[in-house]
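A quick write-up on the structure given underneath.
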Amino acid sequence: HDNSSLAKLLVVFTVSGGSLVAYSESKSCDGMNIVNPSEADSKKKKVVVLGTGWAGTSFMKNLKNSEYDVQVISPRNYFAFTPLLPSVTCGTVEARSIVEPIRKIVRKKHMDIHYWEAECLKIDAQNKKVYCQSNQDNNLNGKKDFVVEYDYLVIAIGARVNTFNTPGVEENCHFLKEVEDAQRIRRTVIDCFERASLPTLTDEERKRILQFVIVGGGPSGVEFAAELHDFVNEDIVKLYPNVKDLVKITLLEAGEHILNMFDKRITVFAEEKFRRDGIELKTGSMVVKVSDKEISAKERSGEISSMPYGMVLWSTGIGTRPVIMEFMKQIGQTNRRVLATDEWLRVEGCDSVYALGDCATINQRKVMEDISAIFSKADKDNSGTLTVKEFQEVIDDICQRYPQVELYLKNKQMGSIVDLLKEAKGDVAKESIELDIEELKKLFSQVDSQMKNLPATAQVAAQQGAYLANCFNCMEECEKNPEGPLRFRGEGRHRFRPFRYKHFGQFAPLGGEQTAAQLPGDWVSIGHSSQWLWYSVYASKQVSWRTRVLVVSDWTKRFIFGRDSSRI
Ligand code: FAD
């Protein structure tokens with residue numbers, strides 16, 4: 001340990017994982033409390049995990065090697081199942097049904113895992129320390145700040161909402177990122193109906209209060225619009241008959257279409273369904289300002305139009321947390337949105353620091369190099385051309401290495417390659433048509449920049465957490481007996497196979513018991529049957545049996561009794 005940190009030694013006993021674990025607390029030269037494992041534990045490598053979201057929790061759940069002393073730091077002492085947050089906004093599911101205390105998850109591990117409820121304020125990669133601050137205000141005798149030392153650091157602190165510095169958004173809009181946000185939205189929605197029902201208001205004022213605006217046509221914005229529409233039509237109509245006809249839901253999207261990361265068929269279906277349901281859809285509408293009563297947007301024509309509102313939900317994507325921005329500056333990764341890692345999730349330019357989930361992206365600089373190498377290998381006679389059949393083999397090879405490419409092909413983001421290959425399949429004449437390799441490579445270079453970024457989803461975060469935990473599980477063993485294909489053992493390379501993302505599909509609930517599902521294998525399903533698939537998948541993906549039972553019982557309660565509209 002730091003020599004300057006031995007001034008004061010005080011042994012604190014922490015009950016964790018069902019056992020009593022000794023922790024010592026010493027002071028560093030700058031007077032900060034340093035949390036260190038006791039002598040017995042100090043032989044173990046110290047792993048510090050920042051964040052208890054999808055990535056951090058998945059890492060913890062999959063870590064099996066008890067040879068580590070793990071300290072988890074997060075201001076949130078629970079894991080939240082974010083895909084069900086939109087359901088919490090209207091009371092379809094209760095907030096407590098989608099969260100699991102992190103201490104319960106830790107206890108089940110029967111390992112040296114300790115949780116501190118605090119926020120990391122600064123990462124000092126040079127000295128292998130993280131500076132933290134408790135978010136408890138009272139009775140800490142000025143000991144809110146402390147320092148934790150690590151041998152390995154796992155950064156999984158997710159992202160924050162991106163307002164694009166639009167004036168008034170921070171002050172006047174709701175966000176949907178955390179459980180508290182969803183609870184706040186639920187209260188505000190009910191508030192709007194109670195306010196609009198008061199006898200003192202004019203119809204004009206009531207209309208303004210019941211104008212709900214959603215900014216952003218991504219999955220979260222669309223799902224909230226659908227939830228709100230269902231809530232109004234299934235429950236509110238009965239409880240607020242005098243104002244029900246004044247409700248208006250408007251969705252503003254800067255692009256040409258909503259759900260643009262989904263298959264075109266889903267986008268078209270969703271847009272038509274929303275129009276049928278009376279949800280106003282304004283595409284090509286870029287919000288430029290939000291005041292306390294009006295929201296202003298720039299239309300396609302360049303004109304600025306303003307609309308009064310009762311509630312606005314801002315759901316336009318994610319931005320970088322300040323601690324990550326500061327860390328990126330420190331390690332020379334400026335002008336980036338998220339931390340760049342290699343394919344083994346190691347932060348570039350840093351020793352023993354890993355980053356996963358929404359706060360990181362794999363910097364696949366070698367994508368085009370890899371793809372070129374696959375083409376060269378297939379071009380056995382160095383003719384600069386490939387037959388359609390050989391090209392199919394190249395595609396299979398690339399898709400295996402970069403599963404995202406499969407998605408681009410399905411979404412026809414790479415021209416008509418799929419049609420060409422489908423047409424030629426089994427037709428000897430067509431299969432032997434020669435294609436120019438340079439022309440084919442151009443198709444891949446178009447999606448190269450997109451291939452570098454995995455989507456910021458729970459699926460990616462959870463898979464990365466599990467992958468990294470598996471690396472840690474066998475780290476020691478691998479050091480003794482290096483494994484993995486030879487090509488990964490070269491200089492600067494890691495001893496594990498690189499992280500590969502497996503895409504299992506995605507859902508977009510559209511309300512009225514209808515969901516759009518886009519599954520691997522070019523399979524798109526929209527309607528009531530997909531809604532049942534959605535129920536089954538989301539029930540099965542719950543982090544514990546407790547939350548699974550709670551979520552299913554909330555769905556059942558909603559079917560029988562409707563949603564609870566009490567404003568508590
Ligand atoms: P998070 O899950 O956000 O976790 C970050 C953790 O870090 C939290 O515990 C936080 O408290 C903690 N933290 C923050 N700051 C600090 C700090 N300074 N120090 C220490 N800890 C810190 N994805 C899907 O795949 N499917 C879906 O259907 C889906 N639906 C979604 C719906 C909504 C409404 C939202 C908001 C997201 C949805 N996502 C979905 C995306 C998914 O939730 C994220 O991609 C995922 O949460 C990313 O995981 P993460 O671990 O990187 O970050």
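Please treat every number below as a calculation from the coordinates, not as lab data. Not measured: the values here are computed from a predicted model. In this analysis, Cβ positions are derived from the backbone assuming ideal geometry, glycine residues included, and neighbour counts consider all displayed protein chains.
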Exercise. With labels modelled as points extended 7 Å from the Cα through the Cβ direction, what inter-label distance (nm, one decimal) is found for Ser301 paired with Val549?
Worked result: 6.0
Exercise. In a Debye calculation with equal point scatterers on the alpha-carbon sites of the stretch 96-221 and no solvent, what is log10 I(q)/I(0) at q = 0.19, 0.22, 0.23 Å⁻¹?
Worked result: -1.26, -1.37, -1.39
Problem set entry | Sparse-neighbourhood loop sites, trypsin sites (Lys or Arg not before Pro) in the stretch 338-401 - DSSP loop, at most 15 other Cβ within 10 angstrom | Arg365, Lys366, Lys380
For this session: Return the lysines within reach of Lys289: Cα separation strictly under 28 angstrom, same-chain partners fewer than 8 residues apart disregarded; answer none if there are no such residues.
Result: Lys177, Lys207, Lys248, Lys298
Exercise. Under a no-solvent Debye model with one identical scatterer per Cα of the stretch 212-336, what's log10 I(q)/I(0) at q = 0.15, 0.17, 0.21 Å⁻¹?
Worked result: -0.79, -0.93, -1.18
Exercise. Can you give the convex hull volume per residue for the Cα atoms of the chain, as a whole number of Å³?
Worked result: 188
For this session: Name the long-range amide H neighbours of Tyr354: under 5 Å, sequence gap of 5 or more, or other chain; modelled H, no Pro or chain starts.
Result: Leu153, Val154, Ile155, Val347
Problem set entry | Estimated FRET transfer efficiency when R0 is 60 angstrom, pair Lys122-Asp396 (beta carbons, to 0.05) | 0.80
Exercise. The stretch 495-528: which trypsin sites (Lys or Arg not before Pro) are DSSP loop and have at most 11 other beta-carbon atoms within 10 angstrom?
Worked result: Lys502
Exercise. Convex hull over the Cα atoms of the stretch 116-160, averaged projected area in nm²?
Worked result: 3.9
Exercise. Using Cα pairs under 8 angstrom and six or more residues apart, how large is the relative contact order of the chain, in percent?
Worked result: 16
Exercise. Kirkwood hydrodynamic radius of the stretch 313-389 from all distinct Cα pairs, in Å?
Worked result: 15.3
Seminar exercise, completed: Classified through the alpha carbon gyration tensor (a ≥ b ≥ c as square roots of its eigenvalues; rounded if a/c is under 1.5, else prolate when a/b is larger than b/c, else oblate), the stretch 367-448 comes out oblate
Exercise. By per-residue mean of other Cβ atoms within 10 Å, what is the highest-first order of 245-252, 233-240, 457-464?
Worked result: 457-464, 245-252, 233-240
Problem set entry | In Hz, Karplus ³J(HN,Hα) per residue of the stretch 60-74 (6.51, -1.76, 1.60; θ = phi - 60°; x = Gly, Pro) | 4, 5, 9, 6, 10, 7, 7, 7, 10, 9, 9, 10, 9, 10, 6
Seminar exercise, completed: Residue-ordered couplings for the stretch 177-193, obtained by feeding phi - 60° into the Karplus form 6.51 cos²θ - 1.76 cosθ + 1.60 and rounding to whole Hz (Gly and Pro as x), are 10, 10, 4, 4, 4, 5, 5, 5, 4, 4, 5, 5, 4, 5, 3, 4, 5
Exercise. In whole Å, what three semi-axes, largest first, describe the equivalent ellipsoid of the stretch 502-568 built from its Cα gyration tensor (square root of 5 times each eigenvalue)?
Worked result: 25, 16, 9
Exercise. By per-residue mean of other Cβ atoms within 10 Å, what is the highest-first order of 116-128, 214-226, 181-193, 71-83?
Worked result: 214-226, 71-83, 181-193, 116-128
Exercise. Put a dot 7 Å past each Cα toward the Cβ at Gln183 and Arg195; how far apart are the dots in nm?
Worked result: 2.1
Exercise. Which pairs, out of Lys43/Lys109; Lys44/Lys108; Lys46/Lys128, put more than 18 Å between their alpha-carbon atoms?
Worked result: Lys43/Lys109; Lys44/Lys108
Exercise. For the residue pair Ser566 and Ser536, what label-to-label distance in nm results when each label sits 7 Å from Cα along the Cα-to-beta-carbon direction?
Worked result: 3.6
